[in-house]
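Here's the structure, in structure tokens; my notes come after.
The values are calculated or read from the model by the stated rules, or taken from the named source; none is laboratory data. Please read all numbers here as calculations on a predicted model, not as lab measurements. Because the Cβ atoms are built from the backbone with ideal geometry, glycine has one as well, and the counts that use them run over all protein chains shown.
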Amino acid sequence: MKPFITGAAGLIGSELAKRLGRKYQIKCFDNLSSGKEENLPPNRIFFEADIRDYKQVHGLIQGTDTVFHLAAHTNSRAGIANPQLDYENQIIGTRNILNAMGDWGIKKLVYTSTCGVYGDDAVKPISETHSPLVPICPYAQCKLVSEWLIKDLAEKYDIQVWIMRLGNIVGGVMQNGVIRDLIRKLKVDRTKLDVMGSKIQSRPFISVEDCVDGILYAFGHSNEKANLYNIGGAESTTIAEMVTMLLEETGLDIPVTYDKRDRGWDGSAIQVRLNVDKVKKLGWEAKLNSNDAVRKAVKEILIYEDFS
């Protein structure tokens, strides 16, 4: 395999680059808007480039045979304020990848989508066949449009596709997310903690290591023309549980105040639960449950943020 990774310097991309770099010579790029080149392994060919620039994408992708497309604008709240960021980085970027693949005859694409495409419907764990798909923020909406675009152009260019709808990924080098937000608040004021949203907001958190394991396992053990998998854990963690873990790991005994709103910000789902039976039938499941993934991430980010 001759892998090409977009968004390689971010949380998932850098972990994927490390894994693939153990067996293959990888080419990768990132615009470094949130990721850092230092996150990447030494044995890679890296380019600082922008997925919105078709000429750059077309030139860099040449000579590869499998594309892992992870590049996206990952700050959901910034995307709500300016949806153009998600449109350009996800929809235009994905179109550029597909057209370049078609031009060079590259036949395999692995795309990381999001469980956010399911919207705010969490009465029961949601499977890949769930309908209707009603994402509620620009990030997830653009991910879903990108899925449709992939299905359309993959047929045109005869590309085999793996779409991975990921749970909420947590790990030490993450630049955005509720864990880091809470830790940064505590760095400013350790006497109290104000939390956006309600105690009952919940997500199916998964460690970045388990996430990459799941992506590579599903890629290696399925061979349909179009493959679709939820990658995450069967359990979810509430914001209240996350806050408890954070206070335990910091040793702080302080008052916690939750917002009166039922969600942290507009476009943020209240509860998300994934049905991961399909990928389990392939033979894979996450090593850490949602709570354990959160606690591991809390410890890692406390070190990364130099919280002492």
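For (1) closer than 21 Å to VAL145 by Cβ; (2) of a type in the set (D, E, K, R); (3) in contact (Cβ under 8 Å) with a residue 24 or more places away in the chain; (4) in the same structural domain as LEU149 (by TED's automatic domain parsing), each residue gets a yes or a no:
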{"site": "LEU11", "(1), (2), (3), (4)": "no, no, yes, yes"}
{"site": "ALA49", "(1), (2), (3), (4)": "no, no, no, yes"}
{"site": "ASP65", "(1), (2), (3), (4)": "no, yes, yes, yes"}
{"site": "LEU70", "(1), (2), (3), (4)": "yes, no, yes, yes"}
{"site": "ARG95", "(1), (2), (3), (4)": "yes, yes, yes, yes"}
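For the stretch 45-125, please list each of the helices (runs of 4 or more DSSP H) lying entirely inside it that holds at least 3 residues being at pLDDT below 95. Let's see the steps before the verdict.
Details: elements: 54-61, 76-81, 93-104.
Where helices (runs of 4 or more DSSP H) fall fully within the stretch 45-125 and carry at least 3 residues being at pLDDT below 95, they are 76-81.
Are any of the residues in the stretch 158-171 surrounded by fewer than 19 Cβ atoms within 10 Å (Cβ to Cβ), touching a residue at least 12 places away in the same chain (Cβ under 8 Å) and either out of contact with any strand residue (DSSP E or B) (no Cβ under 9 Å at 6 or more places or on another chain) or assigned to a helix (DSSP H, G or I) (or both)? Spell out how you get there, then give the answer.
Within the stretch 158-171, the first condition is being surrounded by fewer than 19 Cβ atoms within 10 Å (Cβ to Cβ), and the residues that meet it are 158, 160.
Checking the rest, the ones that are also touching a residue at least 12 places away in the same chain (Cβ under 8 Å) come to 158, 160.
This time we only want the ones that are either out of contact with any strand residue (DSSP E or B) (no Cβ under 9 Å at 6 or more places or on another chain) or assigned to a helix (DSSP H, G or I) (or both), so: 158.
Yes, some residue in the stretch 158-171 is surrounded by fewer than 19 Cβ atoms within 10 Å (Cβ to Cβ), touching a residue at least 12 places away in the same chain (Cβ under 8 Å) and either out of contact with any strand residue (DSSP E or B) (no Cβ under 9 Å at 6 or more places or on another chain) or assigned to a helix (DSSP H, G or I) (or both).
Which residue is modelled with the lowest pLDDT, if the candidates are limited to the stretch 172-200 and must be crowded, with 17+ Cβ neighbours inside 10 Å and in a helix (DSSP H, G or I)?
In this case the residue turns out to be VAL178.
Residues in the stretch 172-188: is at least one free of Cβ contacts under 8 Å to residues at least 24 places away in the same chain, within 17 Å of the chain's Cα centre (by Cα) and closer than 16 Å to ILE12 by Cα?
Yes, the conditions are met somewhere in the stretch 172-188.
Restricting to the stretch 27-48, name every residue that is polar (S, T, N, Q) and surrounded by 14 or more Cβ atoms within 10 Å (Cβ to Cβ).
ASN31, SER33, SER34, ASN39
On the basis of being polar (S, T, N, Q) and surrounded by fewer than 21 Cβ atoms within 10 Å (Cβ to Cβ), does ASN99 make the cut? Lay out the reasoning, then the answer.
Values: polar (S, T, N, Q): yes; surrounded by fewer than 21 Cβ atoms within 10 Å (Cβ to Cβ): yes.
Taking the combined requirement at face value, the residue satisfies it.
For the condition over 18 Å from ILE215 (Cβ atoms) and either basic (Lys, Arg) or touching a Leu at 6+ places or on another chain (Cβ under 8 Å) (or both), what is the one hit in ARG52, ARG22? Lay out the reasoning, then the answer.
Values: ARG22 fails: over 18 Å from ILE215 (Cβ atoms).
The conditions single out ARG52.
Suppose we filter GLY283, GLY264, GLY251 for residues that are at pLDDT below 90, out of contact with any strand residue (DSSP E or B) (no Cβ under 7 Å at 6 or more places or on another chain) and small (Gly, Ala, Ser); which single one remains? It would help to see each step written out before you state the result.
Numbers: GLY283 fails: at pLDDT below 90; GLY251 fails: at pLDDT below 90.
None of the others qualify; the one that does is GLY264.
Taking the stretch 157-205 only, how many residues are within 17 Å of SER290 (Cβ to Cβ) and not small (Gly, Ala, Ser)?
The qualifying residues number 15.
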